[in-house]
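*Asks:* Before we start, here is the structure in question, set down as structure tokens.
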Amino acid sequence: MEAVRLTGVMGARVDGIDVRTLDDEGLAELRALVCEHEVLVVSGQALTPYEQVEFSHRLGPAADSPFIEPSADHPEVIRVLKEAKDGNAFNFGGAWHSDFSFQPSPPSFTVLHAIDLPPWGGDTCFSSMTAAWDALPAQQKEDLLAYRGVHTARDAYSPRMQAVHSGLSGMNIVCDESAHDVTLHPLVRVHPETGRTVLFYNRAYVRDLVGPPDDEKKRLMEWLHLHTTDARFGYRHRWSPGDLVIWDNRSTQHYALNDYAGFRRELHRTTVAGETPIPA
């Protein structure tokens with residue numbers, strides 16, 4: 001299995017395989033590539049929802065996906081869909097985030113399969129939280145090791161956000177009061193498979209910090225957002241038909257661009273359960 005690097009920081013591409021026919025050795029190699037490169041693009045796939053679920057199950061059990069009604073074709077598949085008639089409605093995934101980091105055990109991998117693409121736009125941007133950590137000076141690393149992030153879905157899925165999500169006619173996203181629940185995770189975690197240190201931060205779900213002085217929190221959180229989403233840590237994926245993109249939520253953030261108003265975009269998403277983050 002030959003992986004071609006896509007940037008000097010993160011991302012790789014594999015051509016000429018069919019994920020449905022991978023033996024155990026091939027699957028282990030693919031998993032290692034995802035963990036190493038953080039985003040892996042597997043080209044030329046043609047999976048039914050059932051086949052995508054079968055493949056995801058080989059990576060691990062399905063993660064719980066709150067607030068989002070799954071596809072009628074399979075209860076573990078989310079149709080990430082924006083119809084042409086939805087115009088300038090909010091794009092699902094249209095803010096920097098790590099999938100469901102507000103859960104006690106956030107997802108490990110996300111698998112996204114391109115089904116129907118606009119003629120342009122709809123790219124997905126990724127950022128490496130491993131590279132973001134590595135770029136910090138030693139003293140700042142020492143300071144951040146003592147902090148925890150307060151993760152919550154309140155500013156994404158609480159009832160006051162319902163009107164935003166209801167702009168997508170092809171998705172049923174049901175906001176509720178459980179979005180106010182709070183989970184604390186270490187701001188700096190150890191990746192359970194690679195052993196690398198990760199700056200586990202995303203502005204969508206980390207809404208407070210435990211550890212820094214109160215008068216420094218707002219400034220630090222804004223700085224963390226700007227630092228972790230800096231272009232030097234990133235990869236921007238331009239989708240092609242049949243792309244299957246697998247990324248590691250434990251060490252990345254991502255952001256779906258909303259620049260294709262008037263066109264249809266559909267991708268199928270499955271999510272693999274993860275572990276409780278281990279502090280560095």
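*Asks:* Between P241, P192, P137, which gets the highest mean-square fluctuation from a Gaussian network model of the chain, Cα cutoff 10 Å?
*Replies:* P137
*Asks:* For region 1-105, what's the relative contact order in percent, using C-alpha pairs closer than 8 Å and at least 6 residues apart?
*Replies:* Over region 1-105, the number comes to 19 percent.
*Asks:* Here's something else I'd like to know. Post the alpha-carbon centroid distance, region 125-154 to region 177-254, in whole angstrom.
*Replies:* 7
*Asks:* Under 30 Å Cα to Cα from K217, which lysines show up? Leave out anything in the same chain fewer than 8 places away.
*Replies:* Partners within reach: K141.
*Asks:* I want the local charge near V272. Using Cβ-Cβ distances under 14 Å, sum +1 for each Lys or Arg and -1 for each Asp or Glu among the other residues.
*Replies:* Cβ neighbours under 14 Å give a net charge of -3.
*Asks:* Per the Debye formula with a single identical scatterer at each Cα and no solvent contribution, what log10 I(q)/I(0) holds for region 52-154 at q = 0.25 Å⁻¹?
*Replies:* -1.59
*Asks:* Also, I was wondering about something else. Could you work out the helix-only [θ] at 222 nm for the chain, with each DSSP H run of four or more residues adding -39,500 (n - 2.57) and the total divided by the number of residues, to the nearest 500 deg cm²/dmol?
*Replies:* -6000 deg cm²/dmol
*Asks:* Ignoring everything but the protein chains, give the 1.4 Å probe accessible area of C35 in square angstrom, nearest 10.
*Replies:* Looks like 10 Å² after rounding.
*Asks:* Report the gain in length on full extension from S240 to D134: 0.36 nm times residue separation, minus Cα-Cα distance, nm rounded to one decimal.
*Replies:* 35.0 nm
*Asks:* A further question follows. Sum up the charges of everything whose Cβ sits under 15 Å from the Cβ of L136, counting Lys and Arg as +1 and Asp and Glu as -1, but leave L136 out.
*Replies:* Combined, the nearby Lys, Arg, Asp and Glu give 0.
*Asks:* Once Lys and Arg get +1 and Asp and Glu get -1 on their Cβ, which of A63, A156, T48 lies farthest toward the positive end of the dipole of the chain?
*Replies:* Going by the Cα projections, it comes out as A156.
*Asks:* Continuing with the same structure: Work through the residues other than Q52 whose Cβ is under 14 Å from its Cβ and net out their charges, Lys, Arg +1 and Asp, Glu -1.
*Replies:* -3
*Asks:* Towards the positive end of the charge dipole of region 1-119, with charges on Cβ (+1 Lys, Arg; -1 Asp, Glu), say which of A72, A84, A28 has the farthest Cα.
*Replies:* Working it through, the farthest residue towards the positive pole turns out to be A84.
*Asks:* While we're here: Among H227, H185, H151, whose mean-square fluctuation peaks in a Gaussian network model of the chain (Cα, cutoff 10 Å)?
*Replies:* H227
*Asks:* So, one more: Please list the equivalent ellipsoid semi-axes of region 132-245, computed as the square roots of five times the alpha-carbon gyration tensor eigenvalues, in descending order and whole angstrom.
*Replies:* In descending order the semi-axes read 28, 22, 13 Å.
*Asks:* Over region 147-198, what is the relative contact order in percent, taking alpha-carbon pairs closer than 8 angstrom and at least six residues apart?
*Replies:* 45
*Asks:* OK, next. Once all Cα-Cα distances of the chain are split into 10 Å bins that start at 0, what whole-number percent is in each one?
*Replies:* All Cα pairs, binned at 10 Å, distribute as 7, 30, 37, 22, 5, 0 percent.
*Asks:* Ok, one more. Reported to two decimal places, what Rg/Rh ratio describes region 114-177 when computed on Cα atoms with Rh from the Kirkwood expression?
*Replies:* Reported Rg/Rh (Cα atoms, Kirkwood Rh): 1.15.
*Asks:* Another question, if that's okay. For the chain, what is the relative contact order in percent, using Cα pairs closer than 8 Å and at least 6 residues apart in sequence?
*Replies:* 37
*Asks:* Moving on. Once the cut-off is 16 Å, how many percent of the Cα-Cα pairs in region 34-97 end up in the long-distance tail?
*Replies:* Pairs farther apart than 16 Å: 64 percent.
*Asks:* For E142 and T21 in one chain, what is 0.36 nm times their gap in residues minus the Cα-Cα distance, to one decimal in nm?
*Replies:* Extra length from E142 to T21 when fully extended: 39.0 nm.
*Asks:* Moving on to the next point. If each residue of separation counts as 0.36 nm, what is the full-extension length gain between A72 and S43 once their alpha-carbon separation is subtracted?
*Replies:* 7.9 nm
The values are calculated or read from the model by the stated rules, or taken from the named source; none is laboratory data. These numbers were taken from a predicted model, which means no experiment stands behind them. Note: ideal-geometry Cβ built from the backbone for every residue, glycine included; neighbour counts use all protein chains shown. Calculation scope for accessible area: heavy atoms of the full protein, side chains included, ligands and nucleic acids excluded. Shrake-Rupley method; radii C 1.70, N 1.55, O 1.52, S 1.80 Å.
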